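Each remark here refers to the structure printed beneath this line.
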């Protein structure tokens, strides 16, 4: 029952986020606003216990949720045929640059302090 | 066998088909992934996409028909973004203590990933709207689509770029971090996880979670921060140019 209640809370917060985002034409998408509101909502036990259960379930299966969008690659085959090689190189290089910069900004200062 | 053909036409046109195929293929891919000891190349998202997309192309079922069923899974991305508040809340003490540095890492990492993609795309002569679609690729797919729409990219293409980015990050992150000599103690795992969540969003985070609990928690944290920062700043940055 808690899992279902958690899902209801997530949807309620997402809906509030969507209403605020569209109603006030804010730059943040509805689910993002919903997440920020949820951060405040988790203070309350009634919200926290069910959301913890449902969020744990959703987030452990997060990669499944990307499959439908990923399959959409088949609708862009022409574009991929023309630029696919270059796109792949760009995506790989920029992902590595992003991974390296993020991890090192977090990692280096701690290591230097210890050495 | 006209009866079989009739049945296939019925089945492939009902939403039941897209939903069932997605779930079954993903579970099989996940079982294979576990079977080979969670090797990065066996990434379940990658193989699910390959199997489903080639299956649809071979059987001449179009993407819209498939998506009529798969949208029920796709829909859960919204609540999943809201659910990211949970890992953030769990780590709120660390978040407060290291707030400055985490924001800095998230900002610089996100800017480096998006900026280098746009610069490379422009340098390699990709069409303008494709280059713009590359910018939000390190943000989780549903948010990337929203950002692409705001800055003049192609939302569907951004979503595909985001999924590709996540898969590349999940596949190669381990080797890159090893080469950079980032340790595999809690401190190193925090940096590895945070890097994956920032540059390879949910798919990277799923990989981090699979490897180490600390790495997974930091990846969730990074994913949440990246979503907020990118959604706020990216449309502003592109308005300036």
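Read-outs: derived from the displayed coordinates by stated rules, not from any lab. Fair warning: this is a prediction, and the values are worked out from it, not measured in the lab. Don't worry about glycine lacking a Cβ; one is built from the backbone with ideal geometry, like all the others, and counts go over all protein chains shown.
Here are some notes:
- Exposure proxy order (Cβ contacts within 10 Å, fewest to most) of B:128, B:201: B:128, B:201
- Rotationally averaged projected area of segment B:2-75 (alpha carbon convex hull; nm²): 5.4
- Highest mobility in the GNM of chain B, judged by mean-square fluctuation with C-alpha springs under 10 Å and restricted to B:133, B:158, B:116, is found for B:116.
- Helix A:2-23 axis versus longest C-alpha principal axis of chain A: approximately 70°, rounded to the nearest ten.
- Helix B:44-58 vs. chain B, principal-axis angle (Cα, 0 to 90°, nearest 10): 30
- Global geometry of chain A, whether rounded, prolate or oblate, following the gyration tensor of its Cα atoms and the 1.5 cut on a/c: oblate
- Cα gyration tensor, segment A:69-115 - rounded (a/c under 1.5), prolate or oblate: prolate
- The separation of segment B:21-99 from segment A:18-70, counted between C-alpha centres, amounts to 17 Å.
- Taken over the C-alpha atoms, the protein assembly as shown has Rg and Dmax values of 19.8, 75 angstrom.
- Taking Cα atoms only, the orientation of helix A:45-60 departs from the longest principal axis of chain A by about 30 degrees.
- Ellipticity estimate at 222 nm from DSSP helix runs (n ≥ 4, -39,500 (n - 2.57)) divided over chain A, nearest 500: -27500 deg cm²/dmol
- Neighbour-count order for B:129, B:185, fewest beta carbons within 10 angstrom listed first: B:185, B:129
- Helix-only arithmetic for chain B: the sum of -39500 (n - 2.57) across DSSP H runs with n ≥ 4, divided by the residue total, places the mean residue ellipticity at 222 nm at -27500 deg cm²/dmol.
- Per-residue Cβ neighbour rank within 10 angstrom, fewest leading, B:86, A:108: A:108, B:86
- What the Cα atoms of chain B give is an Rg and a Dmax of 19.2, 68 Å.
- Projected onto its three principal axes, the C-alpha set of segment B:85-217 covers 43, 31, 25 Å, listed from the longest axis down.
- Take each residue in B:158-169, count the other chain C-beta atoms within 10 Å of its C-beta, and the mean is 6.
- Here the peptides B:136-145, B:68-77, B:190-199, B:35-44 are ranked by packing, the mean other Cβ count within 10 Å, and the order with the highest first is B:190-199, B:136-145, B:68-77, B:35-44.
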